[in-house]
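Heads up, the thing below is written out as structure tokens.
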Amino acid sequence: MKRETLKIVIIGHVDHGKSTLIGRLLLDTNSLPEDKVDEIKKISKELGREAELAFVADQLKEERERSITIDTTQIFFKTKRRDYVIIDAPGHVEFIKNMLTGAAQAGAAILIVDVNEGMKEQTRRHLYLVNMLGISDIIVLANKMDLINYDKEIFGRLKAELLKFQDKLNLKVANFIPASAKEGDNITRKSSNLKWYKGPSFLETLDRIISKRDDIKKPMRFPIQDIYTLEDSNIILGKVASGVLKEGEPVEVYPEKKESRIKSIKVFNKMKYSAEKGESIGIILQDKHDIFRGHVVAEKDSGAECVDRFNGRIFWLSEEPLEVNKKMILKCTTQEVPCSAESIRNRMNSSTLDILEPNAKNLFCNEAGEVAFRTERPLVVEKYSYIQELGRFTIESDKGVQAAGIII
């Protein structure tokens, strides 16, 4: 039987211990090759420091020398229960684009908070972003308990502050865990230094998360990435965004809503008769329609539709503000279309959630907003709460990614 895999994103303010936590997990679950341990010791010696757990995760030379994480890195470890992919998301404001890229792939989020420093602006912003991206399984790790002598009252004050903010976001944090990633307290096993804490360890909490399979039950959507011609057949490549794609099933190809049927499914060196959400495959349709990258294959009569107007909740990343009616590029899965903001209904502070201005004309860097969009051509989208892959989008310009958002 194929082992289950859960992707988790680790978020939090810079220096609160994300890389140290990752290092501890890799070492304590024996997920690190011996030559990597030797490499870490060698690099630590060259930099004039003792070996640090954070160096396990910080793979880039620049990261090691600056002692911060500057890239979204995927790292793997496993328990008896399942395999895990850690998406290590940077904490600095200027690296928030990378954090969004990582969080968008995750099934659960770990918010790490230094108990000495408490919640910072970046802590609140990361919680807002994770909530916006629809990640409902959130674990808070109160780190560096060793530096406050494992004080229960200080932990309690931090927990109360976090509970107050989660109520403003209308989200539910699964567990609050006191821990020390550096010392190993409450990470992979319970600690005698925290006898007053009666809950599970961090790793036990992770293993209790139930992976969501709801998107398999949703109608099938298959955004087209590319088309290859082989032996007089058009092989259509893409990744199943939701539902299950089956050989022989009737489909519609958008935006023109052309009807056809799945003739066969192509995977390298394999016979395959169905593919579910998340699988990258090739398909051959029964009918030879004109099909291009950005078209979407949908289950017949499943409610798919093309729209040129929708409402989105966005996080603005660019130093150049969002302006009403200014032309931009919107990307949703493989679909790419010029768009503009018809109105900014609410301009919000992403750290406090305060509404700064209703019916605004601009949205500024690191602010959030509810925006009405209009696109120059129709595209297939869904509410993010229904089908995530088709409910998530980015706004881009020739200067790069300007915003990330979800369709509401």
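No lab work stands behind these numbers, since they all come straight from the coordinates. The model shown is predicted, which means the values in this text are computed figures rather than measured ones. In this analysis, Cβ positions are derived from the backbone assuming ideal geometry, glycine residues included, and neighbour counts consider all displayed protein chains.
Can you give the FRET efficiency for residue 188 and residue 4, using 1/(1 + (r/R0)^6), R0 = 30 Å, r = Cβ-Cβ distance, to the nearest 0.05? Before the final figure, lay out each step's value.
On the way: r = 19 Å, r/R0 = 0.63.
E between residue 188 and residue 4, to the nearest 0.05, is 0.95.
Against the globular-protein guess of 2.2 N^0.38 Å, express the Cα radius of gyration of the stretch 184-281 as a ratio, rounded to two decimals.
Values: Rg = 21.9 Å, N = 98, 2.2 N^0.38 = 12.6 Å.
This ratio for the stretch 184-281 stands at 1.74.
Peptide packing: for 135-143, 303-311, the average count of neighbouring Cβ atoms within 10 Å per residue gives the ranking 135-143, 303-311, highest mean first. The fewest-to-most ranking of 218, 331 by surrounding Cβ atoms within 10 Å reads 331, 218. Quick check: net charge around residue 273, other residues with Cβ under 15 Å of its Cβ, Lys/Arg +1 and Asp/Glu -1? Net of charged neighbours comes to +2.
Taking all C-alpha pairs of the stretch 232-360, those more than 27 Å from each other amount to 39 percent.
Taking 0.36 nm per residue of sequence separation and subtracting the Cα-Cα distance, how much length would be gained by fully extending the chain between residue 207 and residue 249, in nm to one decimal? Write out the running numbers ahead of the final one.
On the way: separation 42, 0.36 × 42 = 15.12 nm, distance 3.65 nm.
Answer, rounded to one decimal: 11.5 nm.
Treating only the Cα positions of the stretch 301-397 as identical point scatterers, give the base-10 log of I(q)/I(0) from the Debye formula at each q in 0.19, 0.21, 0.25 Å⁻¹. The calculated log intensity ratios at q = 0.19, 0.21, 0.25 Å⁻¹ are -0.90, -1.07, -1.38.
Under a 5 Å amide H cut-off, with hydrogens placed 1.01 Å from N, residue 220 pairs with 244, 299 among residues at least 5 apart or on other chains.
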